[in-house]
Amino acid sequence: MRNARSIQNLLVAIILPLCISTQFNAQASSSQTDGLQFKYLGAAGWEISDGNIVVLIDPYISRLKYTDRGHPDDERRAFKRDDRAISDEALIDKTISRADFILVHHSHFDHLGDVPYIAMKTGAKVIGTETTMAILRAYGIPDEQLYAVGGGEDYQFENFSVRVVPSIHSALNEKHYIDSRRYNRDTKLKAPLRINQFIEGGSLMFLARFVNHDVLTMGSMNFVERELQGLNPDILLAGINGSRMGLYEYDRRLVEVTGRPATIIPTHWDSFSHPYSFSQEANVTSKLHPFVDTVKTLSPESQVIIPVHLEPFVVE
Ligand SMILES: [Zn+2]
């Protein structure tokens, strides 16, 4: 375990020379750096800060163990999909101290499951689909915090703007996946929900514009190509997991349509039902190393950063 972590650290150190700033202070009231600090929370989850604001993307900290995909060394309780959902509030409190915005790609539990607790605790503004909002309302999050979007909105906030990009979910179940269910204000939901009541509810991507960087975020291994034309982010959180292999030239189309971003960071590639302390080396080797090689061919100027859970790094 320790070895795997140090190999990952070494990779980050090789790929990210001089990018790690020990001076960076996410709590600072004014920006001291041009860089953007990232912390990978696992699954599709991120904490991103420019030194002024803290934005969370699909923050999923609890990493519940499921009966069908637990690790044999994980001694925590195993959940079935029709069990009542819980959040690991102690672990969230240790991991997340502040948030100004939470962007939610879709409403599956590994994206939205911890947002009710985090939104309540931080008072963050949450941007997501109407289904996401219906679930958050059931947990008592006040309307003032909720921004329901459908895709196409481009909202300016103080020091931050976000364009909402229509998207589609990963082609799960060997492409036999579609879920057209939606929640709205009339849907009767009673918290705490069961895990399988966290339905997809439609999928989004976000172009999150910070002072010095435009970050295009993904929460799935899929995208609507025409919706990404002309966005030209300099940082791409690229959905890199197995289900993309069944899509037509996914890596090439994604890297090309996004304008060969200067920095590409794989997301949603880990085993998110295993605790943070467990090794992700098998995923790094089987999914990320081949992707790094692919990007070298498709876009030699791009740097690919392999993130390590909860270890902050800065993109200058
Ligand atoms: Zn999902």
Looking at the range 200-223, which of the residues that are away from the ligand (no atom under 16 Å from the Cβ) and at pLDDT 95 or above is farthest from V149 (Cα to Cα)? H213
Restricting the search to the range 185-209, which residues are in contact (Cβ under 8 Å) with a residue 60 or more places away in the chain, surrounded by fewer than 21 Cβ atoms within 10 Å (Cβ to Cβ) and farther than 25 Å from P142 by Cβ? N196
Determine the pairs where a residue that is within 16 Å of the ligand (Cβ to nearest atom), located within the range 148-170, has a partner that is small (G, A, S) and not in a loop (DSSP other than H, G, I, E, B) with Cβ atoms under 6 Å apart, the partner being 6 or more residues away or on another chain. S167/S203; I168/S203; H169/S203; S170/S243
Test: L10 is farther than 22 Å from I135 by Cα, in a helix (DSSP H, G or I) and either at pLDDT 65 or above or among the hydrophobic types (A, V, I, L, M, F, W, C) (or both): yes
(1) within 15 Å of the ligand (Cβ to nearest atom); (2) surrounded by 13 or more Cβ atoms within 10 Å (Cβ to Cβ); (3) on the phi > 0 side of the Ramachandran plot all hold for R182 apart from (3)
Please go through the range 96-117 and give me each residue that is away from the ligand (no atom under 16 Å from the Cβ) and either without any contact (Cβ under 8 Å) to a residue 60 or more places away in the chain or surrounded by fewer than 21 Cβ atoms within 10 Å (Cβ to Cβ) (or both), ordered by number. I96, S97, R98, A99, D100, I102, Y117
Among the residues of the range 264-277, is any free of Cβ contacts under 8 Å to residues at least 60 places away in the same chain, among the β-branched types (V, I, T) and surrounded by 20 or more Cβ atoms within 10 Å (Cβ to Cβ)? yes
So A238, is it within 23 Å of S286 (Cα to Cα), among the small types (G, A, S) and within 19 Å of the chain's Cα centre (by Cα): yes
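The values are calculated or read from the model by the stated rules, or taken from the named source; none is laboratory data. All values derive from a computational prediction rather than experimental measurement. Don't worry about glycine lacking a Cβ; one is built from the backbone with ideal geometry, like all the others, and counts go over all protein chains shown.
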